[in-house]
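**Student:** Questions regarding the structure given below will be posed in turn.
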Amino acid sequence: MRWTRSLIPTLKEEPAEAEAVSHKLMVRAGLVRQLAAGIYITLPLGQRVMDKISAIIREEMNRIGGQEITMPVLHPAELWQQTGRWTTIGEEMFRLHDRGKRQMCLGMTHEEVIAWLAAREIHSYRDLPQIWYQIQTKLRDEARPKSGVLRTREFVMKDSYSLDRDEAGLEQSYERHKEAYCNIFARCGLTFHVVESDPGMMGGAVAHEFMAPSEAGEDEIALCDRCSYSANVELAVSRPRRPVFPNWGLEEVATPGAGTIEEVCRFLQIDPALTIKSLLLVTKNGPLLALLRGDQQLHEKKLMKVTGETRPAHRDEILTHLGAGPGSIGPVGVALPIIADESLREGRYVAGANKDGFHLRGVGPGIHFQPRWADIRQVSNGDQCAHCEGSLRIERVIEVGNIFRLGIKYSVPMKAVYLNEAGEEYPIVMGSYGIGVARIAAAAVEQHHDDQGIVWPAALAPFQLHLLPVNMRDQKTAELAEALYVQLQQEGIETLYDDRDERAGVKFKDADLLGLPLRMTVGTRAVREGMVDLTIRKTGEELQAPLSEAVSKAKSLLSRLTN
Ligand code: ATP
Ligand code: MG
């Protein structure tokens, strides 16, 4: 493609408010433009990247027997009412009315439509198993669209759905998807981890997420350095370090001016792991006390699974319910419901006495108060693995894909059933599997860039070769470049030909920003000595080739870079 005939609006300046590297680079390299909050236009180079990713996804999905379909974006409300998600999903769903005042919504996922279709088209056990997939637009009114195309309100997802006779069938479909996903992400050049995840609103047993390590990610995972344990921190478990418990009896101790865990520990000269951190929270059913070990942090999502939505209590609520300021509250003698983290099951601790300026020493959970036990703490770096002697490492990641076992959660309400060999009716057992196409592109940019710009993995690069004549005003240079462009195209090498009459410095900067795997430079040496330069973007390695061999040399370098 000729640059002068293309829309490649590169920018020197970073977009205002962009934080993620991928956001900055994808805008600067002219891949995307923001139309409104969380709504993007994909420009020609960006489109080529999306098409490459989609092609890889299609190949791998077809390989496991997936059949491509296209489902509508516009859905009648009845489908979502039938499964109950019309009410359980809140403001994330775009809802509207048609001219006949019928309620509709824009599809944020397609389990309902798939189950509707299966209910009509699948009749007997002979029709199963099936895998149906689409690469289609999803709409979600995300609370915080940000980070460029990593989280948008309109985005393209590959979503697939497996239909099986039974759990054993689902297990096979699930494993096939897991393999296909590993192939897809590996072919896209991503470093990734497969981790256990919380099935959330999808329901069903433990699910898996495919996580690409990056600072720009919104998720964190815990990885064991010894065994294969890896999980989203939303459900990761660990064994916290065990402190040395002194032989304390229950007594009140004065702690004047000490309110935070740190201050109390300094005053009493003790390890924070010997204290109880008490948090008064308010749920829709009233206040409750959540307890953690002093050296641990609350994981709000884990707590939410136990209690529903909560908010921290205000100062006056703390005084009313516990009779002391936030620095001196504790669980002993309290009439409120108490949820204690599992790490407090054993030992004696220092906790607030519900009396300003005082703490209790020697508090025994389960002895001096009766809590409900739950895992509500955040796993932290260096915790011991719950399954072996290894230690856990926390990594920030981008979720690029996930897989869920849905079971019969959607087929039952949608009456998606089949008849078995004996003519008995059974609900179809379903699975659901998603991948974000633009999110893969952004994750690839996050993982592959340098100070100058993007360094595309060859499989995703919008073009393979950047043909760069240094001076288009020099007639000989221009002629050589034109001839090379023709040859490169004949050889089937995807070439971006920078035929602009621009300063060399501008062209080189743009080439680095765009990050195509190989650059072919036609400079003065080409004119004088018949030599062109080939530069590998990733390593900066430079090679020379005579004009007559330039194209074949480029071809062999590219095949090395692709494999
Ligand atoms: P997240 O936790 O990031 O919101 P999700 O759990 O809602 O993702 P799914 O609904 O299962 O994700 O969607 C499948 C895939 O679609 C995700 O793994 C991700 O790659 C992509 N995806 C989800 N939401 C967005 C979004 N708002 N913008 C871009 N891609 C998205
Ligand atoms: Mg989401």
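**Student:** Could you please give the count of residues in region 160-173 that are within 16 Å of ligand 1 (Cβ to nearest atom) and surrounded by fewer than 21 Cβ atoms within 10 Å (Cβ to Cβ)?
**Tutor:** Final tally of qualifying residues: 0.
**Student:** Shifting gears a bit: Of the conditions (1) in contact with a helix residue (DSSP H, G or I) (Cβ under 8 Å, 6 or more places away or on another chain); (2) within 16 Å of ligand 2 (Cβ to nearest atom), Ile53 clears all except one; give me its number.
**Tutor:** Of the numbered conditions (1) in contact with a helix residue (DSSP H, G or I) (Cβ under 8 Å, 6 or more places away or on another chain); (2) within 16 Å of ligand 2 (Cβ to nearest atom), the odd one out for Ile53 is (2).
**Student:** Which of the residues belonging to region 336-353 are over 23 Å from Ser238 (Cα atoms) and surrounded by fewer than 19 Cβ atoms within 10 Å (Cβ to Cβ)?
**Tutor:** Passing the criteria: Leu336, Pro337.
**Student:** Within region 109-126, is there a residue that is within 30 Å of Glu17 (Cα to Cα) and either in contact with a Pro (Cβ under 9 Å, 6 or more places away or on another chain) or within 14 Å of ligand 2 (Cβ to nearest atom) (or both)?
**Tutor:** yes
**Student:** Next question, about the same structure. Inspect region 96-108 for any residue being within 16 Å of ligand 2 (Cβ to nearest atom), touching a residue at least 60 places away in the same chain (Cβ under 8 Å) and within 20 Å of Pro413 (Cα to Cα) and give the result as yes or no.
**Tutor:** no
**Student:** Among the residues of region 521-548, write down those that are of a type in the set (D, E, K, R), surrounded by 13 or more Cβ atoms within 10 Å (Cβ to Cβ) and farther than 18 Å from Ala478 by Cα.
**Tutor:** Arg537, Lys538
**Student:** Of the residues that make up region 400-416, is at least one in the same structural domain as Tyr229 (by TED's automatic domain parsing), within 30 Å of Leu558 (Cβ to Cβ), touching a residue at least 60 places away in the same chain (Cβ under 8 Å) and touching a helix residue (DSSP H, G or I) at 6+ places or on another chain (Cβ under 6 Å)?
**Tutor:** yes
**Student:** Being touching a helix residue (DSSP H, G or I) at 6+ places or on another chain (Cβ under 6 Å) and in a strand (DSSP E or B) is the filter; apply it to region 419-431 and report the residue that is nearest to ligand 2 (Cβ to nearest atom).
**Tutor:** So the residue we want is Gly431.
**Student:** Tell me whether region 458-475 contains one or more residues that are in contact (Cβ under 8 Å) with a residue 60 or more places away in the chain, in the same structural domain as Glu542 (by TED's automatic domain parsing) and over 22 Å from Asn563 (Cα atoms).
**Tutor:** no
**Student:** Please give the number of the condition Glu111 fails out of (1) surrounded by fewer than 19 Cβ atoms within 10 Å (Cβ to Cβ); (2) in contact (Cβ under 8 Å) with a residue 12 or more places away in the chain.
**Tutor:** (1)
**Student:** Within region 33-77, count every residue that is among the hydroxyl-bearing types (Ser, Thr, Tyr) and assigned to a helix (DSSP H, G or I).
**Tutor:** Total satisfying the criteria: 1.
**Student:** Would you confirm, using the coordinates I've provided, whether Gly347 is at positive phi and either hydrophobic (A, V, I, L, M, F, W, C) or within 40 Å of the chain's Cα centre (by Cα) (or both)?
**Tutor:** For Gly347, the condition - at positive phi and either hydrophobic (A, V, I, L, M, F, W, C) or within 40 Å of the chain's Cα centre (by Cα) (or both) - is met.
**Student:** All but one of (1) more than 16 Å from ligand 2 (Cβ to nearest atom); (2) touching an Asp or Glu at 6+ places or on another chain (Cβ under 9 Å) hold for Pro72, so report the exception by its number.
**Tutor:** Of everything listed in (1) more than 16 Å from ligand 2 (Cβ to nearest atom); (2) touching an Asp or Glu at 6+ places or on another chain (Cβ under 9 Å), Pro72 misses just condition (2).
**Student:** A further question on this structure: Please tell me if Val149 is within 16 Å of ligand 2 (Cβ to nearest atom) and either in the same structural domain as Gly38 (by TED's automatic domain parsing) or not aliphatic (A, V, I, L, M) (or both).
**Tutor:** yes
**Student:** Could you go through region 420-428 and let me know if any residue there is of a type in the set (A, V, I, L, M), surrounded by fewer than 24 Cβ atoms within 10 Å (Cβ to Cβ) and more than 28 Å from the chain's Cα centre (by Cα).
**Tutor:** yes
**Student:** Which residues, taken from region 385-398, are within 16 Å of ligand 1 (Cβ to nearest atom) and crowded, with 24+ Cβ neighbours inside 10 Å?
**Tutor:** Across region 385-398, the qualifying residues are Val397, Ile398.
**Student:** Can you tell me which residues in region 399-413 are out of contact with any Asp or Glu (no Cβ under 7 Å at 6 or more places or on another chain) and either part of a loop (DSSP other than H, G, I, E, B) or surrounded by fewer than 23 Cβ atoms within 10 Å (Cβ to Cβ) (or both)?
**Tutor:** Residues satisfying the conditions are Gly407, Ile408, Lys409, Ser411, Val412, Pro413.
**Student:** If a residue must be touching a Gly at 6+ places or on another chain (Cβ under 9 Å) and outside any loop (DSSP other than H, G, I, E, B), how many such residues does region 172-199 contain?
**Tutor:** Going through region 172-199 one residue at a time, the tally reaches 8.
**Student:** Among the residues of region 114-140, count how many are surrounded by fewer than 16 Cβ atoms within 10 Å (Cβ to Cβ) and either among the basic types (Lys, Arg) or within 13 Å of ligand 1 (Cβ to nearest atom) (or both).
**Tutor:** So the answer is 3.
**Student:** Tell me which residues, restricted to region 200-233, are near ligand 1 (Cβ under 10 Å from one of its atoms) and either assigned to a loop (DSSP other than H, G, I, E, B) or touching a strand residue (DSSP E or B) at 6+ places or on another chain (Cβ under 9 Å) (or both).
**Tutor:** Passing the criteria: Gly200, Met202, Ala207, Glu209, Phe210, Met211, Ala212, Gly217, Glu218, Asp219, Asn232.
**Student:** Something else about it: Out of region 81-113, which residues are more than 16 Å from ligand 1 (Cβ to nearest atom) and not in a strand (DSSP E or B)?
**Tutor:** Gln81, Gln82, Gly84, Trp86, Thr87, Asp98, Arg99, Gly100, Lys101, Arg102
**Student:** Would you point out which residue out of Glu14, Glu78 is free of Cβ contacts under 8 Å to residues at least 60 places away in the same chain, away from ligand 1 (no atom under 16 Å from the Cβ), acidic (Asp, Glu) and touching a helix residue (DSSP H, G or I) at 6+ places or on another chain (Cβ under 7 Å)?
**Tutor:** Exactly one residue qualifies, and that residue is Glu14.
The values are calculated or read from the model by the stated rules, or taken from the named source; none is laboratory data. Please read these numbers as outputs of a predicted model, since none were measured by experiment. Positions of Cβ are backbone-derived with ideal geometry, glycine not excepted, and every protein chain shown enters the neighbour counts.
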